[in-house]
1. What FRET efficiency would be calculated for the residue pair GLU42, LEU68, taking the C-beta separation as r and a Förster radius of 25 Å, to the nearest 0.05?
2. So how strong a dipole does the stretch 131-207 carry about its Cα centre when Lys and Arg Cβ are +1 and Asp and Glu Cβ are -1, to the nearest 20 debye?
3. Mind checking the angle between helix 110-119 and the chain's longest principal axis? C-alpha axes, 0 to 90 degrees, to the nearest 10.
4. Give the calculated FRET efficiency between ASN87 and ILE176 to the nearest 0.05, with a Förster radius of 35 Å applied to their Cβ-Cβ distance.
5. Using the crude model of +1 on Lys and Arg Cβ and -1 on Asp and Glu Cβ, and no other charge, please compute the dipole size for the stretch 17-124 relative to its Cα centre, in debye to 20.
6. Could you report the chain's accessible area per residue, 1.4 Å probe, as an integer in Å²?
7. Note the angle between two axes, namely the Cα long axis of helix 22-31 and the longest principal axis of the Cα atoms of the chain, as a number of degrees from 0 to 90, rounded to the nearest 10.
8. Measure off 7 Å from each Cα along the Cα-to-Cβ vector at GLN215 and THR23, then give the distance between these two points in nanometres to one decimal.
Amino acid sequence: MHSLRETEAVFFDLDDTLYDQLTPFQLALEHCRIDLANTKVEDVFKKVRYFSDVLWKVHIRGEISLDLLRIERIRCAFNDFGLSLSNQRASEVQERYEFEQQQINPFPDVLKIIKDLQSRKLIVGVLTNGPVQHQMNKIKSLQIDQIIPPERIFISDGIGIAKPDKRVFEYVQRQINIESNKCCYIGDTWENDVVPPIEAGWTSIWFNHRKRKPQSNHIPLETIMSYDNFMLKLP
């Protein structure tokens, strides 16, 4: 087991790790006047994330477009709860969701933590799946581009490799020229953010604020539910 004392580089996932992805989704549903009956919006959102991960594998095989993926994940999530949502209505939700994502704010203490890590002479960056411009728009909304230089921001479509492929972590490691056991990754999903960095020799910290269950025998170094006192876990 690696120790955080060995860490020289810390990379963060973006979506639902540096900001709360539920908020823009909830606002989108409210704007589109979508009735969830007695279903909790967070439960629907978790299913959207689930189907997003499932359909992402289909997308990177070239079998579904990104636009259709975004609509289909919403429709499938609703269907899982016995809620009917047409493609047109799902498209309306997705369009508003993208608008709300331009108004996002980082989780409390995120910007301070990044600056504190940098003050300790650690390399700090972002590694995220998605289209380059789409993800950069969110990074700019969060003002993360003002404290993390562009050469430390890695986006799957710009690399040509996407999580959960562990090679994306090996690629980043080569770019920063740091040994794998001195690299740490922080993210919210088990399959994308815990398993592949561990398999690439990194340390993984699971930001499990959605209270998900582990899906394999991989063991993250730390599991945190919030960023409160996070810096106390570092040397």
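1. Numbers: r = 25 Å, r/R0 = 0.99.
Using R0 = 25 Å, I get an efficiency of 0.50.
2. On the way: 8 positive and 10 negative charges, 34 e Å.
Value, rounded to 20: 160 debye.
3. 20 degrees
4. 0.25
5. On the way: 16 positive and 16 negative charges, 82 e Å.
For this selection, approximately 400 debye.
6. Working: 11470 Å² over 235 residues.
Using a 1.4 Å probe on heavy atoms only, each residue of the chain averages 49 Å².
7. 20 degrees
8. About 2.6 nm separates the two model spin labels.
The values are calculated or read from the model by the stated rules, or taken from the named source; none is laboratory data. These figures come from a predicted structure and were not determined experimentally. All Cβ positions, even for glycine, are placed from backbone atoms using ideal geometry, and neighbour counts span all protein chains on display. Each accessible area value is taken on the protein alone, full model and side chains, heavy atoms only, with ligands, DNA and RNA left out. Shrake-Rupley method; radii C 1.70, N 1.55, O 1.52, S 1.80 Å.
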